[in-house]
Amino acid sequence: MKKHLVVLNGPMGVGKTAVGKRLADRLAPALFLDGDWCWDLHPFTVTADTKALVLKNIRTFLENGLACPAVETLVFVWVLQEEAAALELLAGLEERAEILRVTLGADDAVLAGRVSRDIAAGKRAPGSVERSLSYQKFYPGQRTLHLDTSRLTPEEAAAAIAGLLGR
């Protein structure tokens, strides 16, 4: 049986981590990877070198996860706003796994509310609402399945995605 690689992307606050963790539970034996930990630099900087570091780290983790016999499904979540970056990151992995790419979205008001609650809880930095909303424009044209999470719980969204895999 071929393995599955499920890639969830979308702007921050849309529910990628919550949905991804529930999806990994549903699709067990599964490995969950949040790309943010690969870019947890202090201070956070975006340069050609840090981008290369992060992409290499993620690619290595994806390859290692798919090579592990104990893993049938790998669920990867990250803010992949550039289609080209996603395609580069995943190139060649279709030989090891069936790849399902899903973009999670939410309407602006819902997204702003979620990120504002995260800021209030100390989970996100001030200014995250504006940044998250500004990323919305990058996702509609991506060649992924699109799932609006505005009115879905993370469990409902995970169930919908698992259903796409017949599970």
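The values are calculated or read from the model by the stated rules, or taken from the named source; none is laboratory data. Not measured: the values here are computed from a predicted model. Cβ coordinates were reconstructed from backbone atoms using ideal geometry, including for glycine residues, and neighbour counts include every protein chain displayed. Ligands, DNA and RNA are stripped out before the accessible areas are found, and what is left, the full protein with its side chains, is counted by its heavy atoms. Shrake-Rupley method; radii C 1.70, N 1.55, O 1.52, S 1.80 Å.
Across segment 20-38, the number of residues qualifying as modelled with pLDDT under 95 and either open to solvent by 40 Å² or more (accessible area, probe 1.4 Å) or part of a loop (DSSP other than H, G, I, E, B) (or both) comes to 2.
Looking across segment 44-54 at every residue that is farther than 23 Å from Lys21 by Cβ and part of a helix (DSSP H, G or I), the one that is least open to solvent (accessible area, probe 1.4 Å) is identified as Thr50.
Counting only residues that are more than 15 Å from Leu8 (Cβ to Cβ) and of a type in the set (D, E, K, R), segment 26-40 holds 1 of them. The set of residues from segment 120-164 being open to solvent by less than 50 Å² (accessible area, probe 1.4 Å), aliphatic (A, V, I, L, M) and under 17 Å from the mean Cα position of the chain (by Cα) comprises Leu147, Ala157, Ala158, Ala159, Ala160, Ile161, Ala162. Consider Gly20 carefully, then state whether it is closer than 29 Å to Ala125 by Cα and among the small types (Gly, Ala, Ser). Criteria met by Gly20. For segment 106-119, filtering for residues that are in contact (Cβ under 8 Å) with a residue 12 or more places away in the chain and open to solvent by 70 Å² or more (accessible area, probe 1.4 Å) leaves 1.
Just to be sure, is Leu93 surrounded by 14 or more Cβ atoms within 10 Å (Cβ to Cβ) and closer than 26 Å to Ala160 by Cα? Criteria met by Leu93. Annotation: of all residues in segment 1-14 being under 12 Å from Ile161 (Cβ atoms) and among the β-branched types (Val, Ile, Thr), the one that is surrounded by the most Cβ atoms within 10 Å (Cβ to Cβ) is Val6. Among the candidates Thr60, Thr103, Thr17, Thr73, the residue that is open to solvent by 40 Å² or more (accessible area, probe 1.4 Å), under 17 Å from the mean Cα position of the chain (by Cα), closer than 21 Å to Gly163 by Cβ and hydroxyl-bearing (Ser, Thr, Tyr) is uniquely Thr17. Tell me yes or no: at least one residue of segment 107-115 is in contact with a helix residue (DSSP H, G or I) (Cβ under 7 Å, 6 or more places away or on another chain), more than 30 Å from Thr60 (Cβ to Cβ) and among the acidic types (Asp, Glu). Yes, that holds for at least one residue.
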